[in-house]
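These notes are about the structure you will find just below.
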């Protein structure tokens, strides 16, 4: 039974109105046939405590969902208890004296961005507007301008309010329950509690400038190596602070609204974009910071689409572009896999290994994404510990459920090759049922397990990492 759910309705059982609507509240249309014994939708901390205690009473596992953007739907546990935080602290509060914000787990990226824009403040939230801040933050936070400012949980998030497995409410920061604070920042779906509130610092807002070059790289991505090398070399010439660079591969048919199916025209020349952004006060500053991308070598000049001026963009425009890249809500079945490259491996070897995952896209809506993170975390500070020099990912998409096995097989094949140059993967993309990979360094994972065993000895929040 679809429709609006009253905030006063907090517990949903199988067969009751809205149960199935809530069970399937993920952006991926391919929701597994897993049926929680109870779904709880808390509106306050006491409701969360009651839900955790209820799971203890029943002896069942807990899954936590903030926005439902994990394509794997890992918060669903058969006969478990799902805590849907959609109505929990769904607000952003600003403390002017400390210039900090607090936000609940289900606050969306677009909501936090809109609030901060009105305040004239900024915080490096995520790129996708409908992603909830709970999942984004716990995964570590590949926020805007990561290459200079690091992961969002590193320099920006200062404190958490958490309901832990015994049902108690704690604060976790660098000096109080510091082990939980360390473990929460980067463990993602593996975290052993319900974060009810996050606290983070902000800076004065600036303006978002962007320039984009799009190349036609030929059938099967013939010029992929050359364009990616260009992007990486020019990135290295670009100052780190307040800038970011991303590369995307896609078919031109992807954005054609008149096409419905998965098929692409033959032969279709793959497109490859280099998008560079700067967060500064003026267009002259942005043009200076992004000037390395003026250069296009002679061998690529004939396949690049026109000039690429630096332009001012609103956050609304930025988010609209993100939604076009990964649309949802109309039956899209998404699957993602990714790697974080091993920085010790030479660039040409890395490019060759990832090329199939970026150029052999299996459907019209599929897309390859390379985000230049240039981030090398301190394992002593947080569970987010793997280097994120380059985040390399592929999103496959179809609306036809019969194609799922073939698409998963395709993904396994191309990432079997890509993982040869990997040091691990970003925890937000991890699927224990699909491909096992490191999501932390070995020492960080060992430390995480010890902390987890201390706080959750009964494994009330099941471990979905290895």
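Odds and ends about this structure:
- If you go through region 277-328 and pick out every residue that is in a helix (DSSP H, G or I), out of contact with any helix residue (DSSP H, G or I) (no Cβ under 8 Å at 6 or more places or on another chain) and more than 14 Å from residue 239 (Cβ to Cβ), you end up with 13.
- Residue list for region 21-59, restricted to those being in a loop (DSSP other than H, G, I, E, B), under 27 Å from the mean Cα position of the chain (by Cα) and more than 30 Å from residue 398 (Cα to Cα): 41, 42, 43, 44
- Verdict on residue 231 being touching a strand residue (DSSP E or B) at 6+ places or on another chain (Cβ under 8 Å), surrounded by 19 or more Cβ atoms within 10 Å (Cβ to Cβ) and within 30 Å of residue 400 (Cα to Cα): no
- Scoring residue 344 on the criteria (1) at pLDDT below 95; (2) assigned to a loop (DSSP other than H, G, I, E, B); (3) over 17 Å from the mean Cα position of the chain (by Cα) leaves a single failure, condition (1).
- Meets criteria (modelled with pLDDT of 95 or more and buried (at least 23 other Cβ atoms within 10 Å of the Cβ)) for residue 415: yes
The values are calculated or read from the model by the stated rules, or taken from the named source; none is laboratory data. Since we're looking at a predicted model, the values are computed, not measured. Please note: Cβ atoms are built from the backbone with ideal geometry, for glycine as well, and neighbour counts cover all protein chains shown.
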